[in-house]
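Enquirer: Take a look at this one; I'll ask things after.
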Amino acid sequence: NVKKVFDVSQTNGKRPPAPTVNRDPKALITVMLDSSPVEVEATNELPYPNMAAFYNNEEQTLYVKRDVGDSVAVAQCVAQELGHAQLSINSDSYSRADMGFQAVCIGYMLCKKYGVDTQNFAINRIPEKLAGKEPKDIRYELSKTRNAMADIHSRVSDELYKKKQERSKDYER
């Protein structure tokens with residue numbers, strides 16, 4: 001009983017959109033900040049004026065700039081800075097410069113998973129420091145990035161689930 005089988009690359013159907021629970025960037029920002037592993041504070045100024053969020057490791061605080069109009073840019077920046085926060089929690093010695101690329105990758109993966117635009121992330125430029133490492137060391141760095149992403153995603157998805165449960169209870173009333 002022979003059947004014809006196709007490889008995915010042989011088909012021309014549209015890919016389904018990434019499975020997301022919530023595509024509204026403002027709601028996603030709220031959930032990411034509610035599930036943050038560090039303190040979150042709103043501020044009018046950040047050390048880098050073009051950023052919408054900034055993680056300060058000395059104070060273990062994620063600062064979010066007030067009145068930034070573009071919610072997509074804020075979601076991207078918060079996702080990346082949550083990456084910095086999680087990487088600092090997971091490692092013994094944290095350096096913003098050394099972990100910058102990993103944080104960008106985490107921000108990219110979070111935005112991709114939750115349906116936020118990812119074109120502003122420069123994940124195609126691999127730092128020379130990482131490119132020159134042995135495969136074993138690269139796997140170690142990638143596993144740190146994956147673990148940090150998994151921790152953040154777990155907290156965000158738990159928070160989304162709680163909010164969904166609250167909404168369903170409200171509908172029952």
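Any read-out appearing in this document is the output of simple, stated calculations on the displayed coordinates, not a laboratory observation. Note that the coordinates shown come from a computational prediction; the quantities given were computed from them, not determined experimentally. Positions of Cβ are backbone-derived with ideal geometry, glycine not excepted, and every protein chain shown enters the neighbour counts.
Enquirer: Considering only Gln80, Gln60, Gln119, give the residue with the highest GNM mean-square fluctuation for the chain, with springs between Cα atoms whenever their separation is below 10 Å.
Expert: Among Gln80, Gln60, Gln119, the largest GNM mean-square fluctuation belongs to Gln119.
Enquirer: Normalising by the residue count of the chain, find the relative contact order in percent from Cα pairs under 8 Å and 6+ residues apart.
Expert: Dividing the mean separation by the residue count of the chain yields 22 percent.
Enquirer: Taking the Cα centre of the chain as origin and charging only Cβ (+1 Lys, Arg; -1 Asp, Glu), how large is the dipole, in debye to the nearest 20?
Expert: Using Cβ point charges on Lys, Arg, Asp and Glu, the chain gives about 1120 debye.
Enquirer: Give the calculated FRET efficiency between Lys164 and Asp67 to the nearest 0.05, with a Förster radius of 25 Å applied to their Cβ-Cβ distance.
Expert: 0.30
Enquirer: Here's a follow-up. Consider the candidate values (i) 11, 40, 39, 10, 1; (ii) 9, 33, 31, 17, 7, 2, 0; (iii) 10, 36, 36, 16, 2, 0; state which one is P(r) over Cα pairs in 10 Å bins from 0, in percent computed from the structure displayed.
Expert: Working out P(r) over Cα pairs in 10 Å bins from 0, in percent from the coordinates points to (ii).
Enquirer: Right, here's the next one. Name the trypsin sites (Lys or Arg not before Pro) in region 23-72 that are in a loop by DSSP and that have at most 13 other C-beta atoms within 10 Å, would you?
Expert: For trypsin sites (Lys or Arg not before Pro) across region 23-72 that sit outside H, G, I, E and B with at most 13 neighbouring Cβ atoms in 10 Å, the list reads Arg23, Arg66.
Enquirer: How many angstrom separate the Cα center of region 22-55 from the Cα center of region 74-93?
Expert: When both Cα centres are located, 11 Å separates them.
Enquirer: Moving to a separate point now. Determine, for Tyr108, Tyr140, Tyr94, the number of other Cβ atoms within 10 Å of each Cβ, and report the residues in order from fewest to most.
Expert: Tyr140, Tyr94, Tyr108
Enquirer: Work out the charge dipole of the chain with +1 on the Cβ of Lys and Arg and -1 on the Cβ of Asp and Glu about the Cα centre, then indicate which of Pro135, Met99, Ala73 is farthest towards its positive end.
Expert: In the chain, that residue is Pro135.
Enquirer: With springs only between Cα atoms under 10 Å apart, run a GNM on the chain and tell me which of Leu33, Leu82, Leu142 wobbles the most.
Expert: Between Leu33, Leu82, Leu142, it is Leu142 that shows the largest mean-square fluctuation.
Enquirer: Separate question: With label points built 7 Å along Cα→Cβ from the Cα atoms of Leu142 and Asp7, find their separation and express it in nm.
Expert: Modelled inter-label distance: 2.1 nm.
Enquirer: Once you order the gyration tensor axes a ≥ b ≥ c over the Cα atoms, which shape class does region 99-152 get: rounded for a/c under 1.5, otherwise prolate or oblate by comparing a/b with b/c?
Expert: Oblate is the answer for region 99-152, as a/c is 1.5 or above yet b/c matches or exceeds a/b.
Enquirer: May I pose another question? From the cross-link list Lys26/Lys136; Lys112/Lys133; Lys136/Lys163; Lys4/Lys113; Lys65/Lys136; Lys4/Lys112, which pairs have alpha carbons spaced over 30 Å apart?
Expert: Values: Lys26/Lys136 39 Å; Lys112/Lys133 27 Å; Lys136/Lys163 40 Å; Lys4/Lys113 33 Å; Lys65/Lys136 39 Å; Lys4/Lys112 33 Å.
Check vs 30 Å cut-off fails for Lys26/Lys136; Lys136/Lys163; Lys4/Lys113; Lys65/Lys136; Lys4/Lys112.
Enquirer: I need the peptides 109-115, 165-171 ranked by packing, meaning the mean over residues of other C-beta atoms within 10 angstrom, with the highest value on top.
Expert: Put in order of decreasing packing, that is 109-115, 165-171.
Enquirer: Another question, then. Name the most mobile residue of Glu141, Glu59, Glu41, meaning the one with the largest mean-square fluctuation, in a Gaussian network model of the chain with Cα contacts below 10 Å.
Expert: Most flexible of the set in this elastic network: Glu59.
Enquirer: Do the sum for the chain: with -39,500 (n - 2.57) for every DSSP H run of n ≥ 4, divided by all residues, what is the mean residue ellipticity at 222 nm, to the nearest 500 deg cm²/dmol?
Expert: Value at 222 nm, helices only, nearest 500: -16500 deg cm²/dmol.
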